[in-house]
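The values are calculated or read from the model by the stated rules, or taken from the named source; none is laboratory data. Small disclaimer: the values here were computed from a predicted structure and weren't measured. In this analysis, Cβ positions are derived from the backbone assuming ideal geometry, glycine residues included, and neighbour counts consider all displayed protein chains.
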Amino acid sequence: DQQVKQNSPSLSVQEGRISILNCDYTNSMFDYFLWYKKYPAEGPTFLISISSIKDKNEDGRFTVFLNKSAKHLSLHIVPSQPGDSAVYFCAASEGGFQKLVFGTGTRLLVSP
Amino acid sequence: DTGVSQDPRHKITKRGQNVTFRCDPISEHNRLYWYRQTLGQGPEFLTYFQNEAQLEKSRLLSDRFSAERPKGSFSTLEIQRTEQGDSAMYLCASSPGTGETQYFGPGTRLLVL
């Protein structure tokens, strides 16, 4: 039972354009959501998070949007850069931020 | 501030052998987590510690797996009688405490032949 889903395995975007990565979840008890970026042979790197009491959080080029009624969140990267090419994981937790439940990841390729 | 470190980075073993991995969390991080990632999947939770206490174990953690954090600092994950299905990336993460972001180490890639 996949509680966190990333339905797009891959996404290709041109440098300078917007990248939008999507994530859906099924567990209504999730109250904290995070995005991690992962390069090959490295561990996931934390990017940005959002609490369920908010609907938007911004950090530089990265913005996360949360739609609780739709159980959907998205990560916007503007402008996209070739160095953003990586696998992006959506993760969620419930009740005080303990174990994380991850999606299967979306591979982003930003071409010059 | 150094990040989470894991040792070894790679391990190749034969089926039936025991292996042990080590994780050193970020200094003064009270919480330490173990995850496992297989090809094409996201990391899956295995277990976590608050200081030296192991607070939760996933049903993925069969009785061949054991984790310890004896002094509340580094942690070890041991797999006994390894099976080919244990081949995966084993990730360690730490956080200052509850409600805090988890920071991951580079992982230990295990291949069981």
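Observations, loosely collected:
- Residue list for segment B:38-62, filter: among the hydrophobic types (A, V, I, L, M, F, W, C), over 14 Å from residue B:90 (Cα atoms) and either surrounded by fewer than 16 Cβ atoms within 10 Å (Cβ to Cβ) or within 11 Å of another protein chain (Cβ to nearest Cβ) (or both): B:53, B:55
- Each residue in segment B:25-38 was checked for being in contact with a Phe, Trp or Tyr (Cβ under 7 Å, 6 or more places away or on another chain), farther than 14 Å from residue B:50 by Cα and not aromatic (Phe, Trp, Tyr), and 1 of them qualify.
- Any chance residue B:22 is away from every other protein chain (no Cβ under 13 Å), touching a Lys or Arg at 6+ places or on another chain (Cβ under 6 Å) and of a type outside the set (Asp, Glu): no
- Remark: residue A:101 falls outside the filter, which requires a residue to be on the phi < 0 side of the Ramachandran plot, out of contact with any strand residue (DSSP E or B) (no Cβ under 6 Å at 6 or more places or on another chain), among the aliphatic types (A, V, I, L, M) and in contact (Cβ under 8 Å) with a residue 60 or more places away in the chain.
- Single condition residue B:31 does not satisfy, out of (1) more than 9 Å from every other protein chain (Cβ to nearest Cβ); (2) out of contact with any Cys (no Cβ under 9 Å at 6 or more places or on another chain); (3) buried (at least 18 other Cβ atoms within 10 Å of the Cβ): (1)
- Yes/no for residue A:27 being more than 13 Å from the chain's Cα centre (by Cα), surrounded by 13 or more Cβ atoms within 10 Å (Cβ to Cβ) and either of a type in the set (S, T, N, Q) or part of a strand (DSSP E or B) (or both): yes
- Any hit, segment B:66-75, residues being loosely packed, with under 14 Cβ neighbours inside 10 Å, at pLDDT below 95 and at negative phi: yes
- Hits in segment A:78-94 (condition: in a loop (DSSP other than H, G, I, E, B) and farther than 16 Å from residue A:44 by Cα): A:78, A:79, A:80, A:81
- Options A:51, A:93, A:111: the member that is more than 11 Å from every other protein chain (Cβ to nearest Cβ) and either free of Cβ contacts under 8 Å to residues at least 60 places away in the same chain or not charged (D, E, K, R) (or both): A:111
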